[in-house]
Amino acid sequence: MTATTLPTPADLSITPRDRRFGRDAATPRLWHGGRVEATAIYNALSATFPIGEAYFVESVRAFREGAPPKLAEEIKGFTTQEAIHSREHDAFNKRAANAGYDLSKLEERVSERLAITRSRPPIVNVAATMALEHFTAILAHQLLANPRHLEGAEPETADLWRWHAVEEIEHKGVAYDTWLHATRGWPRYKRWRVKAKVMLLVTRNFLVDRTAGALELMRQDGVTGLKAWWLLMTYLWVRPAMFRKIAGAWLSYFLPGFHPWNVDDRHLLGAYAAIASGTESTRKVRRAA
Ligand SMILES: [Fe+2]
Ligand SMILES: [Fe+2]
């Protein structure tokens, strides 16, 4: 495959939707249906976004120079979307802090991990970014495809997660295409080896850190020990089983010929057309007025 035949759909548009969530009222502490484990895992994910997404932007931007015009345009859409996501998750994290959670341990963990990765060559950072972007894209797919994941969640906060998911699907090929372009002179096997090795490392860290982060937040809610572990594992792996349900899509990353757009899931964006077009927020503003 060459940089000129990238399988990202030609008619894909990466549209930053500058939306704001939850600015009018406090978010309830257990915003996810009153459930400690559900709130904890989403809060643990959110704690990583402002730091993580700034890192994604920095990693991809390092290769913007010399990128073909279409890719350069996609990088622009991607960086704008991620910057707005960071702003909204930063605001969300502040609301979680206002509700009494201390996210500092979780944020420190992300910073530590990224400090190690940043000390590696820029191409390794693109590899880590595309691995994590695959994670966010398959999580986003699952979140939009299966309403059970946000069942019972406070509506405005559920909207924030759906809005983020829509844009993660839209820009899911950008880090990957940046990698394909940057490594276009590499032998196939070397490309696959680096990509696979980095994905395995990223996956281990992702599972260990998000689980530890969620357990830490559950501890802050007074749920500890075996009970905490059982609740969280059941939620992630049994029902609604977000982690189990992305396992197949995760595995596909290692197949020869993998590309994030081999699965065109843009129909999921249409399911949230109100969010996508911003009409929902306009309606809310009108109602409030
Ligand atoms: Fe994002
Ligand atoms: Fe992203």
(request) Sort through LEU200, LEU132, LEU231, LEU207 and tell me the only one that's surrounded by 22 or more Cβ atoms within 10 Å (Cβ to Cβ) and in a helix (DSSP H, G or I). (result) LEU132
(message) open to solvent by 10 Å² or more (accessible area, probe 1.4 Å), among the β-branched types (Val, Ile, Thr) and away from ligand 1 (no atom under 16 Å from the Cβ): which single residue out of ILE123, ILE138 fits that description?
(response) ILE123
(request) Give the residues of segment 2-45 that are within 15 Å of MET218 (Cβ to Cβ), of a type in the set (Gly, Ala, Ser) and not in a loop (DSSP other than H, G, I, E, B), sorted by residue number. (result) ALA38, ALA40, ALA44
(request) Determine which single condition ARG118 fails, assuming it passes every other condition in (1) under 20 Å from GLY213 (Cα atoms); (2) among the basic types (Lys, Arg); (3) in contact with a Phe, Trp or Tyr (Cβ under 8 Å, 6 or more places away or on another chain). (result) (1)
(request) Could you grab me the full set of residues in segment 210-228 that are open to solvent by 40 Å² or more (accessible area, probe 1.4 Å), in contact (Cβ under 8 Å) with a residue 60 or more places away in the chain and either in contact with a Leu (Cβ under 6 Å, 6 or more places away or on another chain) or in a loop (DSSP other than H, G, I, E, B) (or both)? (result) ASP221
(message) Looking only at residues that are among the aromatic types (Phe, Trp, Tyr) and part of a helix (DSSP H, G or I) in segment 75-107, which one is farthest from ligand 1 (Cβ to nearest atom)?
(response) PHE92
(request) Could you check how many residues of segment 174-197 are more than 30 Å from ASP11 (Cβ to Cβ) and open to solvent by less than 60 Å² (accessible area, probe 1.4 Å)? (result) 2
(request) Read through the list (1) surrounded by 19 or more Cβ atoms within 10 Å (Cβ to Cβ); (2) under 16 Å from the mean Cα position of the chain (by Cα), then give the number of the only condition that TYR101 fails. (result) (2)
(message) Six or more apart or on different chains, Cβ atoms under 6 Å: show the pairs whose first residue is in segment 175-186 and among the aromatic types (Phe, Trp, Tyr) and whose second is assigned to a helix (DSSP H, G or I).
(response) TYR176/MET130; TYR176/PRO260; TRP179/VAL126; TRP179/MET130
(request) Could you pull out the residue among ALA40, ALA44, ALA54, ALA67 that is surrounded by fewer than 16 Cβ atoms within 10 Å (Cβ to Cβ), touching a residue at least 24 places away in the same chain (Cβ under 8 Å) and of a type in the set (A, V, I, L, M, F, W, C)? (result) ALA54
(request) Select from segment 189-200 the residues that are out of contact with any helix residue (DSSP H, G or I) (no Cβ under 8 Å at 6 or more places or on another chain) and touching a residue at least 24 places away in the same chain (Cβ under 8 Å) and write down the one among them that is farthest from ALA44 (Cα to Cα). (result) TRP192
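For segment 237-262, name all the residues that are of a type in the set (Gly, Ala, Ser) and without any contact (Cβ under 8 Å) to a residue 60 or more places away in the chain.
Across segment 237-262, the qualifying residues are ALA241, ALA247, GLY248, SER252, GLY257.
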(message) Here is a check on your reading of the model: is HIS171 in contact (Cβ under 8 Å) with a residue 12 or more places away in the chain, crowded, with 22+ Cβ neighbours inside 10 Å, touching a Gly at 6+ places or on another chain (Cβ under 7 Å) and not basic (Lys, Arg)?
(response) yes
(message) Can you say whether ASP90 is surrounded by fewer than 20 Cβ atoms within 10 Å (Cβ to Cβ) and over 12 Å from ILE51 (Cα atoms), as far as the supplied structure shows?
(response) no
(message) modelled with pLDDT of 95 or more, in contact with a strand residue (DSSP E or B) (Cβ under 9 Å, 6 or more places away or on another chain) and under 29 Å from ILE75 (Cβ atoms): is that true of TYR55 in this structure?
(response) no
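The values are calculated or read from the model by the stated rules, or taken from the named source; none is laboratory data. Please read these numbers as outputs of a predicted model, since none were measured by experiment. So basically every Cβ, Gly included, is an ideal-geometry build from the backbone, and we count neighbours across all protein chains shown. Areas reflect the complete protein model, heavy atoms only, side chains present, ligands, DNA and RNA absent. Shrake-Rupley method; radii C 1.70, N 1.55, O 1.52, S 1.80 Å.
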